[in-house]
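The structure under discussion appears below in the form of structure tokens.
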Amino acid sequence: MTVVGSGQVSGAPDVLRATFGVEAFAPDVATAVARVGELTEAVTAALHGRGVVESQLGTSAVNVFQHFREPGTDVGFQASHMIQVETKDLTGFGALLNAAVDAAGNSLTLNGLQFDIEDKSELLTQARELAFQQARTKAEHLAALAGFSLGSVTAIAETQNAFPIRYAASAAGRKANFDAAINVTPGDSSVEVTLDVHFAWA
């Protein structure tokens with residue numbers, strides 16, 4: 001007999017990940033790419049100035065594409081670079097955003113914000129225990145309904161899911177102070193373990 005059990009446990013996030021983007025539009029691709037390179041360096045330097053180290057930064061996407069306009073008008077090119085920032089300072093998002101905006105101005109975009117738990121091992125252990133308890137309870141109930149005695153476990157398959165708190169965002173930057181305007185709250189992040197447990201009959 002195979003039964004499915006699931007367990008979900010929540011915990012307080014300890015990591016903030018924000019994805020900033022810079023973009024530039026130009027008549028030729030070389031100029032667009034060069035401008036994005038300059039903006040990337042400016043934003044990176046600004047984030048370093050707020051205490052972000054190199055290991056906390058990473059490219060998540062680079063795009064270059066052609067804009068097609070009405071017939072008879074000049075062709076344009078757009079380039080963009082997405083940079084993910086990871087920090088343990090869950091209350092420092094406003095300062096990071098302000099620094100990036102000051103560096104890139106209207107060329108800045110905010111493409112996502114996520115709170116997560118860096119080490120989920122303890123939560124996964126708790127969720128796994130809950131999942132197995134639920135599976136055994138189901139199996140014992142089904143065995144009793146069928147008039148059989150439950151035997152030992154012969155196989156287990158596990159599936160894990162994590163549910164970090166995500167905030168979707170896509171907005172152009174402006175020269176402004178965002179500390180009061182954007183007040184983000186971490187909430188709780190969850191992990192879930194699902195077990196397919198096969199029991200033999202006694």
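The values are calculated or read from the model by the stated rules, or taken from the named source; none is laboratory data. All values reported here derive from a predicted model rather than from experimental measurement. Glycine also receives a Cβ, built like all others from the backbone with ideal geometry; neighbour counts cover every protein chain displayed. Accessible surface is based on the protein model in full, side chains and every heavy atom, while ligands, DNA and RNA are left aside. Shrake-Rupley method; radii C 1.70, N 1.55, O 1.52, S 1.80 Å.
Cβ separations smaller than 7 Å between residues 6+ apart or across chains give the following pairs from the range 110-137 residues that are under 11 Å from Val197 (Cβ atoms) and open to solvent by 10 Å² or more (accessible area, probe 1.4 Å) to residues that are of a type in the set (Ser, Thr, Tyr) and at pLDDT 95 or above: Gln134/Ser6.
Remark: Asn63 falls outside the filter, which requires a residue to be out of contact with any Asp or Glu (no Cβ under 6 Å at 6 or more places or on another chain), in a helix (DSSP H, G or I) and polar (S, T, N, Q). Screening the candidates Val22, Val36, Val52, Val3 for the property of being touching a residue at least 40 places away in the same chain (Cβ under 8 Å), in contact with a helix residue (DSSP H, G or I) (Cβ under 6 Å, 6 or more places away or on another chain) and either more than 30 Å from Phe148 (Cα to Cα) or open to solvent by 50 Å² or more (accessible area, probe 1.4 Å) (or both) yields one hit, Val22.
Go over the candidates Asp102, Asp179 one by one and state the one that is part of a helix (DSSP H, G or I), closer than 30 Å to Phe25 by Cβ and either more than 18 Å from the chain's Cα centre (by Cα) or at pLDDT below 95 (or both).
Asp102
Within the set of pairs 6+ apart or on separate chains, which have a first residue in the range 140-165 that is under 30 Å from Leu90 (Cβ atoms), a second that is not in a strand (DSSP E or B), and C-beta atoms under 6 Å apart? Pairs that qualify, where the first residue is under 30 Å from Leu90 (Cβ atoms) and the partner is not in a strand (DSSP E or B), are Ile165/Gly187. With respect to the stated conditions, Glu140 fails to be open to solvent by 30 Å² or more (accessible area, probe 1.4 Å) and under 23 Å from the mean Cα position of the chain (by Cα).
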